[in-house]
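J.: A single structure is presented below for examination.
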Amino acid sequence: MQIYIFRWPLDKLYKHFLKPTFGVYHGTAIRVVVPKFIFAFLGLQVIYYYWKYEARDWAHLRGIETSPERPVIMRGAEIEKRYPGLQTKALADPSKFDYLSPSYEKRTAILDVGAPGRPW
């Protein structure tokens with residue numbers, strides 16, 4: 001009999017708890033299905049983390065590139081009449097990004113920090 005170290009915890013759980021409590025059929029079903037759900041949940045968490053925190057931008061080729069939906073303004077003329085210039089200040093202008101990525105202004109690499117303060 002071979003003992004697989006990755007199976008040992010759930011085999012013990014099956015032998016001492018699931019089989020006596022739920023019976024052979026239901027205990028085996030739980031023993032087989034629950035680890036699959038756990039790994040599927042962990043996989044979805046990894047995908048979500050990668051999508052949220054490893055975003056693609058101009059400095060990094062990793063990540064998934066996503067674009068937010070553009071907002072729809074129903075009463076743009078009325079807003080412009082009551083508050084002149086508000087929409088130009090509040091809304092992003094995609095035309096200024098003809099050659100640059102929208103995330104270029106938010107970059108954290110290759111910033112001009114001024115002249116070096118080193119004595120040599």
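J.: Assuming R0 = 41 Å, can you tell me the calculated FRET efficiency for the pair V32 and Y53, based on Cβ-Cβ distance, to the nearest 0.05? Before the final figure, lay out the partial values.
T.: Numbers: r = 33 Å, r/R0 = 0.80.
Taking R0 as 41 Å, the efficiency between V32 and Y53 is 0.80.
J.: Classify the stretch 1-55 as rounded, prolate or oblate, taking a ≥ b ≥ c as the square roots of the eigenvalues of its Cα gyration tensor: rounded when a/c is under 1.5, otherwise prolate if a/b is larger than b/c and oblate if not. Before the final figure, lay out the partial values.
T.: Details: a/c = 4.40, a/b = 2.27, b/c = 1.94.
Prolate, because a/c is 1.5 or more and a/b exceeds b/c.
J.: Quick check: pseudo-label points 7 Å beyond the Cα along Cα→Cβ at R75 and I5, how many nm apart are they?
T.: Each label point is offset 7 Å from its Cα along the Cβ direction, giving 6.8 nm.
J.: Which of the peptides 80-87, 16-23, 31-38 is most tightly packed, and how do the rest follow, going by the mean number of other Cβ atoms within 10 Å of each residue?
T.: Numbers: 80-87: 10.4, 16-23: 13.4, 31-38: 11.9.
Per-residue mean Cβ counts within 10 Å order the peptides as 16-23, 31-38, 80-87.
Values quoted throughout were computed directly from the atomic coordinates according to the rules given, and no laboratory measurement underlies them. Keep in mind it's a predicted model, so treat the numbers as computed, not measured. Quick reminder, even Gly has a Cβ in these numbers, built from the backbone with ideal geometry, and neighbours come from all protein chains shown.
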